[in-house]
Amino acid sequence: MSEELVMPRLSDTMEEGTIGRWLVHEGDAFAEGDVLAEIETDKATMEFQAYDAGTVLRILVGDGETVALGAPIAIVGAEGESADEAVSAGNGAATPPPQEQAAAETEPEPEPKAAPARKPKSSSKAKAAAGNGARATAALRVSPIARRMADEAGIDLAAMAGRGSGPEGRVVKADVERLISSGELTRPAAADAPPEAQRAPAEGEIRDLTPMLKAVATRMAQSKQTVPHFYVESEIDMTRAMQLRAELNGGLADSGDKISVNDLIVRASALALIQHPQAHRSYVDGKHVYHAHASIGIAVALDDGLIVPVVVDADTKPVREISRETRDLAGRARAGKLKQREIEGATFSVSNLGMFDVANFEAIINPPESAIIAVGATVDRPVVVGGEIVVRKIMRVTLSCDHRACSGADGAKLVLTIKQLLQSPSLLLV
Amino acid sequence: MADLTYREALRRALDDELARDPDVFLMGEEIGRFEGSYKVTAGLWQKYGPERVRETPISEEGFVGAGIGAAMMGLRPVVEIMTINFILVAMDQVINHAAKIRYMFGGAVGVPMVIRTPGGAGAQLTAQHSQSLEAWFAGCPGIKVVAPASVADAYGMLKTAIRDDDPVLFCENLVMYNVTGTMPDDPDYTVPLGRAAVVREGSDLTLVAHSYTVQRALRVADTMSRDGIEIEVVDLRSLRPLDAETVAESVRKTSRALIAEEGWSTYGVGAELAARIHRLCFDDLDAPVERVGGAEVPMPYSKPLELAALPLESKIEAAARGLLAESGIA
């Protein structure tokens, strides 16, 4: 019988969710585990997978629309069934199961006293579907690794439904390997109309914020209004760091790895934070929370907005590993493919606008972190060294600190250590 | 490197630890003059005397309890229980005392005791004397449970177990005693508890086992290798602590997992590992995790029925081929 799908809880803090886009249309059949829609939570875009096989009878919440947790978003059921049934069931009317389905049940299930708004997942339904020739051939079964490999290779497995070499046509690893080597079934570029965010705004148009922009707006306003920020500025001579970076990248040229200035800054920050626990603690509910390791958030600009993935325990990782992780995280950040846990748990952040030729700026702390370093461009500047005017590569940084967590001197010491590490950059390699 | 039996490796480990540490002593039924039912303590009573190789009455609860008391007072008893089947009368001492004392005394006192005991089946000893009960103990916090499957591990792990500050149930296997293998010449050779070992590398399937079943697993891997199928065999070595990460690392490589054990599958080692593998490797699996265990019956006496109840090579191979077939591999 038809049933309502409701907005699922996909992150601990989410209270509402936005349908990023539906991947199925009304009338489409789907298998257990198929991705039905992409749902934007307050933090990330997540895939919404089907709990059970079925057919989409009606979509209640369209692309880009936001509803509260638990609100119905679609009605699903058997092919040809009416969507109205679930709606009336939702109003409390008990609906008897259709005759054919009851006959196909092999395991007795307790009769529900009153139809709930969303019927619990019924195992008999999948069996009923398997007994129905038309539905059984349409069911797409995929082993977990085959699904992962297909996703990574951009292969749409829909056409493989019932054609895999595993039991009951399950698509397995070997099938995907064959598809990859044959080049078949590669997913076409999205042909549908571009989502709102990709359209140029019309004059005077008013748009809702995406969940990510909403989260940024709320958190930054709260931080700037409640966290007493103070700022410490410094100039760092990056001449030797740039030389080291060139040398490293020369040696790594064949490996595919490439160290960026930002990787060196992340490494220097992590090492410096461990040396200065007073500048590496959070102020939470009137207490100081200390951190054993420095997990560094890295602000990644998106087309509209930003996200801050985290290099966990960066103080324990060599520059090359920091570089690899950062590249992977930033790439997936831009593709909207970060997992919730990858944007949590930072103890400090780095925001680098050097690529925009910014001389200097001040960043807003992302609580419960107690500091963030804002990094400007590295530029050739005349400076005085040993009484002589020479040209050096100078980078300006500004550390924003939470005065409830640390004092001005703590912040200054942290910046000084970061500066010393970057000016004697071989220390970053040990 | 020297070739010797599993039995002799255990005897040497006991001999070396008795010689190394005067606090170590042995206790059990018929382990002195008679040299133990399976001759693991051969010659030790003559060498170390009745104070350090103590014979006990047939009273498992009594002498396990005595071992606990001695351990709490600072000695390092190695208690032999003739077979794991007889530990059942001492369950209260093992589970409620040995495994609990460090906790109940707030860490002030521990029980550095080893209980050595063989399990296993295959010699027509029938229902009461053919059991592999180690999983029952491995489910209990507070006691380590190990089950070496090679000569070198028998030696190295028994020494580590004796030096451990907490109780260790050291599970031997009746069929293993005559298995020969090489042992390092190093007299200081030890093997840490809680680490599994990849004993054969392969790419198509991870086959996990412990104790004598590892030997069977290796033979299955050899057989299937002739058909071009490469099985990776993981020897768990310890059941608690359980090194699920080594297993997971292998499964991430092969995408398929089969667990074989001589005990019953239901609530067994394979059940625990299947749960861990599903959590650690969900996105790496190409087929459901599969298990092979002893038939869920009391062990029959009749030889044909006993063979039918044991997880022999043929059953492990059939399960492996079934898993591979599900993955589209012939």
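For the residue pairs B:K39/B:K159; A:K224/A:K419; A:K43/A:K173; B:K100/B:K144, the C-alpha atoms sit more than 20 angstrom apart in A:K224/A:K419; A:K43/A:K173.
Express in nm, to one decimal, how much length is gained between B:T182 and B:D92 on full extension, taking 0.36 nm for each residue of separation and deducting their alpha carbon distance.
Full-extension gain reported as 28.6 nm.
Here the dipole of the range A:212-429 is about 260 debye; that uses its Cα centre as origin and unit charges on the Cβ of Lys and Arg (positive) and Asp and Glu (negative). Within the listed set B:V251, B:V198, B:V269, the residue fluctuating most in the Gaussian network model of chain B (springs between alpha-carbon atoms under 10 angstrom) is B:V198. Computed from the Cβ-Cβ distance with R0 of 56 Å, the FRET efficiency linking A:A246 to B:A19 stands at 0.35.
Extension gain for the segment B:E249 to B:Q46, taken as residue separation times 0.36 nm less the Cα-Cα distance, is 68.4 nm to one decimal. The A:A412 and A:D156 beta-carbon pair, evaluated with R₀ = 45 Å, returns a calculated FRET efficiency of approximately 0.20.
Each peptide among A:331-337, B:174-180 gets the average number of other Cβ atoms lying within 10 Å of its residues, and from highest to lowest they stand as B:174-180, A:331-337. The calculated Kirkwood hydrodynamic radius for the protein assembly as shown is 31.3 Å, given to one decimal from all distinct C-alpha pairs. Taking a point 7 angstrom from the Cα of A:Q278 along the C-beta vector, which residues in the range A:386-410 have backbone N less than 19 Å away? Flagged as within label range: A:399-410. Between the residues A:Y290, B:V175, B:Q124, the greatest Cα displacement towards the positive end of the dipole of the protein assembly as shown, with unit charges on the Cβ of Lys, Arg, Asp and Glu, is found for A:Y290. In chain B, Cα pairs under 8 Å separated by at least six residues give a relative contact order of 16 percent.
Positive contributions from Lys and Arg (+1) and negative ones from Asp and Glu (-1), summed over other residues with Cβ under 10 Å from the Cβ of B:Q93, come out at -3.
Counting only other chain Cβ atoms within 10 Å of each residue's Cβ, the peptide A:170-178 averages 4.
In the protein assembly as shown, the calculated helix contribution to ellipticity at 222 nm averages -9500 deg cm²/dmol per residue, counting -39,500 (n - 2.57) for every DSSP H run with n ≥ 4.
Between A:E235 and A:K337, the FRET efficiency from the beta-carbon distance, with R0 = 41 Å, is close to 0.65. Each Lys or Arg adds one and each Asp or Glu takes one away; over the other residues whose Cβ falls under 10 Å from the Cβ of B:G142, this sums to +3.
Considering only B:L310, B:L207, B:L193, the mean-square fluctuation computed in a Gaussian network model of chain B, springs between alpha carbons under 10 angstrom, is largest for B:L310.
Using a cutoff of 8 angstrom between alpha carbon atoms and counting only pairs six or more residues apart, the relative contact order for the range B:167-281 works out to 29 percent. Ordering B:145-152, B:238-245 by mean Cβ neighbour count within 10 Å, with the highest value first, yields B:145-152, B:238-245. Across peptide B:318-327, the average count of Cβ atoms from other chains found within 10 Å of a residue's Cβ is 2.
When DSSP beta bridges are limited to those with both residues in the range B:2-183, what percentage is antiparallel, rounded to the nearest 5?
Antiparallel: roughly 15 percent of the beta bridges in the range B:2-183.
Averaged over the residues of A:287-298, the number of partner chain Cβ atoms lying within 10 Å of the residue Cβ comes to 0.
Here the range B:197-325 is treated with +1 on each Lys and Arg Cβ and -1 on each Asp and Glu Cβ, and its dipole about the Cα centre works out to around 220 debye.
Each peptide in B:61-71, A:343-353 was scored by the mean count of other Cβ atoms within 10 Å over its residues; highest first, the order is A:343-353, B:61-71. Multiplying the residue separation of A:E205 and A:V35 by 0.36 nm and subtracting their alpha-carbon distance yields 58.0 nm.
All of the numbers you see were taken from the coordinates with simple rules; none came from a lab. Values in this document were obtained by computation on a predicted structure and should not be read as measured data. A quick note on method: Cβ atoms are made from the backbone with ideal geometry, for glycine too, and the neighbour counts reach across all protein chains shown.
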